[in-house]
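Peer 1: Starting off with a structure, shown below.
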Amino acid sequence: MVSGRDRPGAQALPAGAAGRNGEAVAPTAAGAGFDLMVLRSMRRIIRCVDMYSKQLEMHSHVTAPQLICLLAIVERVSISAGLLAKEVHLSPSTIVGILDRLEEKGFVARSRGIEDRRIVHVRATDRGVALANSAPSPLQQRLADGLKRLPVDEQARIAEALERVVELMEAQHIDSAPILETGPLVRP
């Protein structure tokens, strides 16, 4: 039987763990455990997301967070900036910056509320709707295609496991985009 350590490119699992095919795996170096595996996997995910976001920006001239906001705006036809922030899980100040850039590019238009001038309504322009309809998925296509090929129960387990990681990190209260971004966390 080949252990995870003997397989080319494989990462060894902590003692007592089973490999991808259920085989027993030799223990790793002293002190290494699942926490290190999780950290490495998260770093690889973040790197892949960052690289894909750069490709998306080169292709569509918008970043992934901008595209996600534009898609939410197009879906709603018109939405308040505050509701948009809640819907895409970003802080209101982050939304303002994203909307500034989308407006500069001619993809959205903003207007003040008639009854309450503090409320800013956002709608997609024709150019924004065209981009939303032609842009690639904000989720890396390879990942999206791979998920579609999996049985529904396995897709659900992956989604649940990622949600559990968020819970374990106690990050439920942190504003986050539906995609991963790198950089420092800024607390209000």
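Peer 1: Pick out the one residue from 98, 68 that is at pLDDT 95 or above and in contact with a helix residue (DSSP H, G or I) (Cβ under 9 Å, 6 or more places away or on another chain).
Peer 2: Numbers: 68 fails: at pLDDT 95 or above.
It is 98.
Peer 1: So in segment 23-54, with the set limited to residues that are of a type in the set (Gly, Ala, Ser) and in a helix (DSSP H, G or I), which one is modelled with the lowest pLDDT?
Peer 2: Initially, segment 23-54 is screened for residues of a type in the set (Gly, Ala, Ser), giving 24, 26, 29-33, 41, 53.
If we keep only those that are in a helix (DSSP H, G or I) as well, we get 41, 53.
Working: 41: 88, 53: 82.
By that ranking, first place goes to 53.
Peer 1: Turning to a different aspect of this structure: Restricting to helices (runs of 4 or more DSSP H) lying wholly in segment 57-161: which have 1 or more residues that are in the same structural domain as residue 45 (by TED's automatic domain parsing) and more than 19 Å from the chain's Cα centre (by Cα)? Full working, then the answer.
Peer 2: Details: elements: 64-76, 81-88, 92-104, 126-134, 141-149.
In segment 57-161, the matching helices (runs of 4 or more DSSP H) lie at 64-76, 81-88, 92-104, 126-134.
Peer 1: Still on this model: Residue 64 fails exactly one of the following numbered conditions: (1) in contact with a strand residue (DSSP E or B) (Cβ under 8 Å, 6 or more places away or on another chain); (2) crowded, with 18+ Cβ neighbours inside 10 Å. What is the number of that condition?
Peer 2: Unmet for residue 64, out of (1) in contact with a strand residue (DSSP E or B) (Cβ under 8 Å, 6 or more places away or on another chain); (2) crowded, with 18+ Cβ neighbours inside 10 Å: (1).
Peer 1: Let me ask another. Which residue pairs have Cβ atoms under 8 Å apart, sit 6 or more places apart or on different chains, and have a first residue in segment 36-52 that is outside the structural domain of residue 163 (by TED's automatic domain parsing) and a second that is charged (D, E, K, R)?
Peer 2: Filtered contacts from segment 36-52: 49/181; 50/181.
Peer 1: Which residue, of 20, 76, 7, is among the basic types (Lys, Arg) and at pLDDT 85 or above?
Peer 2: On the way: 20 fails: at pLDDT 85 or above; 7 fails: at pLDDT 85 or above.
Only one candidate qualifies: 76.
The values are calculated or read from the model by the stated rules, or taken from the named source; none is laboratory data. Bear in mind the structure is a predicted one, so any value in this text is a computation, not a measurement. Neighbour counts are summed over all protein chains in view; Cβ atoms, including those assigned to glycine, are modelled from backbone coordinates with ideal geometry.
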